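Below: one structure, written as structure tokens.
The values are calculated or read from the model by the stated rules, or taken from the named source; none is laboratory data. Just so it is clear, the structure is predicted and the values come from calculations on it, not from any experiment. Every residue, glycine as well, gets a Cβ built from its backbone with ideal geometry; the counts of neighbours run over all protein chains shown.
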Amino acid sequence: MSRSIIDDFYWIDFKNLKDESLSDNERYQRIVKWAINAREHNPNVFDALTEWILDDSEWSDDKLDENEQ
């Protein structure tokens with residue numbers, strides 16, 4: 001995975017999140033909203049990183065050290 005893809009990814013800003021207790025539905029909605037914003041921000045990077053994360057072969061024992069960042 002290219003470091004530039006990781007650097008260009010739209011990460012969630014935890015500083016702006018409130019520490020209130022959320023229901024499971026509210027947590028899910030927050031994640032969905034973040035995913036929509038992340039994909040709108042940079043769809044090519046979002047898709048590339050998502051594809052990489054979902055690729056089971058990237059998480060085999062021999063690839064774990066390589067993918068640790």
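Points to keep in mind about this one:
- Flag for residue 10 being hydroxyl-bearing (Ser, Thr, Tyr), part of a helix (DSSP H, G or I) and either modelled with pLDDT of 85 or more or surrounded by 11 or more Cβ atoms within 10 Å (Cβ to Cβ) (or both): no
- Among all residues of the range 19-37, there is none that is within 15 Å of the chain's Cα centre (by Cα), assigned to a loop (DSSP other than H, G, I, E, B) and either modelled with pLDDT under 85 or of a type in the set (S, T, N, Q) (or both).
- When the range 17-57 is filtered for residues that are surrounded by 11 or more Cβ atoms within 10 Å (Cβ to Cβ) and among the small types (Gly, Ala, Ser), the ones remaining, listed by number, are 35, 38, 48.
- Filter result (over 19 Å from residue 11 (Cβ atoms) and not small (Gly, Ala, Ser)) within the range 30-69: 55, 56, 58, 59, 61, 62, 63, 64, 65, 66
- Close contacts from the range 4-16, counting a first residue that is closer than 11 Å to residue 48 by Cα and a second that is at pLDDT below 70, with Cβ to Cβ under 9 Å and a gap of 6+ residues or different chains, come to 6/69.
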